[in-house]
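Read through the structure below, which is laid out as structure tokens, and then see the notes.
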């Protein structure tokens, strides 16, 4: 295992329902590779989380970043809160599918009147979103208020 970073000695809240436990989180290629009490290779950069909580990621199940992730994929407001996955397309709002961008624009949170919306179908929107490499993982519902 070639690790980029290890977060050590933190109280881990892993979302499984089990009690928090003191352990380590190993990061490899920008992703969590292992969680638990890990025997680390020599020379791995470490971040000591003694007396701190470590939560490997939160899911935001009701996000409205459909459009803002296209414009600014850094997702700063999400990642600074520990969000690693956003579910978008909530409450009938979202970016695709659309027939008429002028009519749909009012149903897309944060979309200014002068911004181009070059996609129509969900696949085109997801391709555009993925091309920006958002800092969070994204899953989408198909919004019911857009196909106008």
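The values are calculated or read from the model by the stated rules, or taken from the named source; none is laboratory data. Computed from a prediction, not measured in an experiment: that's the story for all the values here. Positions of Cβ are backbone-derived with ideal geometry, glycine not excepted, and every protein chain shown enters the neighbour counts.
Summary table
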item: Any helices (runs of 4 or more DSSP H) falling wholly within the range 1-107 and containing at least 1 residues that are modelled with pLDDT of 90 or more, surrounded by fewer than 13 Cβ atoms within 10 Å (Cβ to Cβ) and under 13 Å from the mean Cα position of the chain (by Cα); result: 76-79
item: Residue count for the range 110-124, restricted to those that are buried (at least 17 other Cβ atoms within 10 Å of the Cβ) and either part of a loop (DSSP other than H, G, I, E, B) or touching a helix residue (DSSP H, G or I) at 6+ places or on another chain (Cβ under 8 Å) (or both); result: 3
item: Selected residue [closer than 23 Å to residue 76 by Cα and in the same structural domain as residue 74 (by TED's automatic domain parsing)] from 103, 129; result: 129
item: Hits in the range 53-96 - residues which are more than 21 Å from residue 30 (Cβ to Cβ) and touching a residue at least 60 places away in the same chain (Cβ under 8 Å); result: 66, 70
